[in-house]
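See below for the structure under consideration.
Bear in mind that the values in this text are calculations on the coordinates, not laboratory data. Values in this document were obtained by computation on a predicted structure and should not be read as measured data. All Cβ positions, even for glycine, are placed from backbone atoms using ideal geometry, and neighbour counts span all protein chains on display.
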Amino acid sequence: MCTVVIDVAEPGGSRLLAVRDEDPARAWDSLGAWWPEQYPGVIGIRDRRAGGAWLAIDRSTRRLAVLLNRADVLDLPEDQVRSRGSLALESVAGRSPHGILPMHGFNLLEATPDAARVISWDGVTLTETPVPHGVHMIAHDALDDPATARIARWLPEFRDRPARSDGWEQRWVDLLAASAELDPTDDAAIIRDNRPHGYPTQSLLYCVADIGHGDLEIEQSTLTAPGHWG
């Protein structure tokens with residue numbers, strides 16, 4: 001159950017904080033150019049098992065995409081279900097998902113210097129939600145979903161600290177650290193341990209990214225222990 005906070009600024013540019021939750025036993029690789037032949041110039045955080053990406057960027061086009069899982073009503077045998085790992089890579093290559101997808105549910109956040117949107121799939125319907133100017137959060141359900149406890153708890157705090165000036169990264173990371181004072185099993189926690197909720201996933205890392213017209217900058221930080229701020 002990953003979490004993303006994004007500030008879409010006016011007249012342009014987006015800044016975001018993305019927290020990745022995954023099974024610690026599932027091997028992955030830090031930010032790197034892992035797909036030089038198929039996706040030249042793209043860097044991302046690679047899932048070794050499926051070969052795809054949780055988050056990917058293309059600095060030359062200043063595109064960023066990050067994938068969040070969500071519940072679905074997909075009615076397909078598991079051996080016919082396709083991995084979602086290609087979504088972020090295809091997105092930054094300019095190919096967003098469309099049509100009927102043999103995949104489990106997802107929220108795909110796409111961001112450029114001029115706009116951001118969330119493409120959502122629930123196993124039946126693919127929808128697109130533009131991200132308005134300002135600070136927003138997305139997790140396993142709708143954008144700014146008030147029924148998602150961590151969004152209800154922390155979105156007002158992030159909105160009190162918009163990412164519009166120097167030092168925004170530290171302000172948001174400090175707020176992430178403050179959120180980690182909650183127990184990682186708490187519904188309102190951003191740094192999470194989802195095992196009591198029936199999922200093997202725990203928070204593993206976070207990235208901060210600045211998507212501007214001149215450049216796209218990104219930095220990854222890995223937690224010292226899964227599900228704990230340390």
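How much FRET efficiency would the formula 1/(1 + (r/R0)^6) give for R48 and D174, where r is the Cβ-Cβ distance and R0 is 35 Å, rounded to 0.05?
Efficiency, from the Cβ-Cβ distance: 0.65.
Say we join alpha carbon atoms closer than 10 Å with springs in a Gaussian network model of the chain; which of G44, G94, G85 then has the biggest fluctuation?
In this elastic network of the chain, the residue with the biggest mean-square fluctuation among G44, G94, G85 is G94.
Distance between Cα centroids, segment 1-28 to segment 177-230: provide it in whole Å.
Comparing the Cα centres of segment 1-28 and segment 177-230, I get a distance of 9 Å.
Which shape class, rounded, prolate or oblate, goes with segment 3-222 when its Cα gyration tensor gives a ≥ b ≥ c as root eigenvalues, a/c under 1.5 marks rounded, and past that a/b bigger than b/c marks prolate?
Note, shape of segment 3-222 comes out rounded.
How would S86, S14, S96 line up from fewest to most surrounding beta-carbon atoms within 10 angstrom?
Fewest-to-most Cβ neighbours within 10 Å comes out as S96, S86, S14.
How would you rank E110, E217, going from fewest to most other Cβ atoms within 10 Å of each one's own Cβ?
Least to most surrounded, the residues fall as E217, E110.
Determine ³J(HN,Hα), in whole Hz, for all residues of segment 176-183 in sequence, where each value follows from phi through the Karplus function 6.51 cos²θ - 1.76 cosθ + 1.60 and θ = phi - 60°; x replaces Gly and Pro.
4, 5, 5, 5, 6, 6, 6, 4
Take the Cβ-Cβ distance between S83 and D145 as r, set R0 to 25 Å, and report the resulting FRET efficiency rounded to the nearest 0.05.
0.50
Whole angstrom only: what separates the Cα centroid of segment 99-123 from the Cα centroid of segment 68-85?
When both Cα centres are located, 14 Å separates them.
Just the C-alpha atoms of segment 163-227: what Rg/Rh do they give, with Rh taken as the Kirkwood radius?
Rounded to two decimals, Rg over Rh is 1.06.
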